[in-house]
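Readers should treat all values here as calculations from the given coordinates under stated rules, not as data from a laboratory. All of these numbers come straight from a predicted model, not from anything done at the bench. Here the Cβ positions follow ideal geometry from the backbone for every residue, glycine too, while neighbour counts run over all protein chains shown.
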Amino acid sequence: MHLSPAEQGQLAACFALLAQDLNERDIRARLGEQLLRLFRADHFASYVWDEASGRFEHGLAINMDPANLGRYEAWYQFRDPITFHLQQRRQATLVSEVMPRAELLRCEFFNDFLARDGLHWGINLHAFDGARALGDLRIWRGRQGREFGAHERELLQFIEPAFSAALRRARHARRPDPVVSEAALALLSPRETAVARCVGQGLTDKEIARELGIGLPSVRTYLQRVFEKLGVHRRAALARVVDRL
């Protein structure tokens, strides 16, 4: 596999990220940001298949309308003609490999869901630990982009072992959340509280910066202060105490 210097640097960033001690949601969200750069893609989404409920849950996305994602979660995932076929492959797969382009363009799922956000060319990877789904990566380009090819498929598959291993580590490392007192919550400044609430909504650092109109370094500074004041170390743990703010 030939890699350009830019691809080498971006792949190194992906592997460095996957070596960090992150929770499952942060792994998927932050890797999504890296993959958009690596593949020069436009949109990203990620879910975790829950066998018990028979649905994709714990969704997150980049450059997609939250209202449209809500429609997917409530309705279109049950009328999705491509994702279950992509999931069954258990390897990086182009959307066009499971449904011909012309057929996709005619279906309800494309016209009433994908096209609303401008998703036209897709590639997926679904990670598993044995029979248990760990999480997926759904990468899309817009109409003005080009179809993904064998090179991108090979790159995404190259990342799969590290992605799956990171999710397994995060799942096995789950610890009980620390007890956060009301006194500790009262120490948060208004801006720190706003950042914490955004984390509770599942926003990435970049999305928080846009939402609050502040710089990305400021978001990370406020977030670090929140962690220190509350004695939590993971975004997932913080999200679970946000409803008390």
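Which of rounded, prolate or oblate describes the stretch 80-126 when judged by the alpha-carbon gyration tensor and an a/c cut-off of 1.5? Mind showing how you got there, number by number?
Numbers: a/c = 1.97, a/b = 1.74, b/c = 1.13.
Prolate is the answer for the stretch 80-126, as a/c is 1.5 or above and a/b outweighs b/c.
Taking neighbour counts of Cβ atoms within 10 Å as a proxy for exposure, in what order, fewest first, do HIS120, HIS126, HIS85 appear?
Working: HIS120 22, HIS126 25, HIS85 15.
Fewest-to-most ranking of HIS120, HIS126, HIS85: HIS85, HIS120, HIS126.
Could you line up VAL95, VAL180 from fewest to most neighbouring Cβ atoms inside 10 Å?
Working: VAL95 25, VAL180 17.
So the residues, fewest neighbours to most, are VAL180, VAL95.
Using Stokes-Einstein with the Kirkwood hydrodynamic radius over Cα pairs, what translational diffusion coefficient do you get for the chain at 37 °C and a viscosity of 0.692 mPa s, in µm²/s rounded to a whole number?
On the way: Rh = 19.1 Å.
D = 172 µm²/s.
With a/c under 1.5 counting as rounded, go ahead and sort the stretch 182-244 into rounded, prolate or oblate using the C-alpha gyration tensor (a ≥ b ≥ c being the square roots of the eigenvalues; past the cut-off, prolate if a/b is larger than b/c, else oblate). Numbers along the way, then the final one.
Values: a/c = 1.72, a/b = 1.46, b/c = 1.18.
Prolate is the answer for the stretch 182-244, as a/c is 1.5 or above and a/b outweighs b/c.
So what J values fall out for the stretch 11-26 if you push phi through Karplus, 6.51 cos²θ - 1.76 cosθ + 1.60 with θ = phi - 60°, rounded to Hz, Gly and Pro as x?
5, 4, 5, 4, 5, 5, 4, 6, 8, 7, 8, 10, 7, 4, 5, 5
How much length is gained on full extension from GLU108 to GLN8, taking 0.36 nm per residue of separation minus their Cα-Cα distance? Please list the in-between numbers first.
Working: separation 100, 0.36 × 100 = 36.00 nm, distance 3.86 nm.
Contour length minus Cα-Cα distance gives 32.1 nm.
Using a Gaussian network model of the chain with C-alpha springs under 10 Å, which one of ALA194, ALA166, ALA186 is most mobile by mean-square fluctuation?
ALA186
Per residue of the stretch 88-100, in order, report the coupling 6.51 cos²θ - 1.76 cosθ + 1.60 (Karplus, θ = phi - 60°) as ³J(HN,Hα) in whole Hz, putting x for Gly and Pro.
Each residue of the stretch 88-100 in turn: 5, 5, 6, 7, 4, 9, 6, 4, 5, 7, 10, 8, x Hz.
Cut-off 10 angstrom, C-alpha nodes, Gaussian network model of the chain. Which of THR193, THR93, THR221 fluctuates the most?
THR221
Using the Kirkwood formula on the Cα atoms of the stretch 1-126, what hydrodynamic radius do you get, in angstrom to one decimal? Intermediate values should be presented prior to the final figure.
Details: mean 1/r = 0.0633 Å⁻¹.
For the stretch 1-126, inverting the mean 1/r across all distinct Cα pairs yields 15.8 Å.
Name the most mobile residue of SER46, SER96, SER181, meaning the one with the largest mean-square fluctuation, in a Gaussian network model of the chain with Cα contacts below 10 Å.
The residue that fluctuates most here is SER181.
Which three lengths, in whole Å and largest first, does the stretch 111-245 cover when its Cα atoms are put on their principal axes?
Sorted largest first, the three principal extents are 54, 37, 28 Å.
I'd like the Karplus ³J(HN,Hα) series for the stretch 135-152: coefficients 6.51, -1.76, 1.60, θ = phi - 60°, whole numbers in Hz, and an x wherever there's a Gly or Pro.
For the stretch 135-152, the Karplus-derived couplings read x, 10, 10, 10, 10, 9, 10, x, 4, 7, x, 10, 4, 5, x, 4, 5, 5 Hz, x marking Gly and Pro.
Helix-only estimate, please: 222 nm mean residue ellipticity of the chain, summing -39500 (n - 2.57) across DSSP H runs of length 4 or more and dividing by its residues, to the nearest 500. Write down the numbers at each step before the final one.
On the way: 12 runs with 124 residues, N = 245.
Per the formula, -15000 deg cm²/dmol.
Please say if the stretch 160-214 is rounded, prolate or oblate, where rounded means a/c under 1.5 for a ≥ b ≥ c the square roots of the C-alpha gyration tensor eigenvalues, and otherwise the choice is prolate for a/b larger than b/c and oblate otherwise? Mind dumping the intermediate values first?
On the way: a/c = 4.59, a/b = 1.41, b/c = 3.26.
Since a/c reaches 1.5 but b/c is at least a/b, the shape of the stretch 160-214 is classed as oblate.
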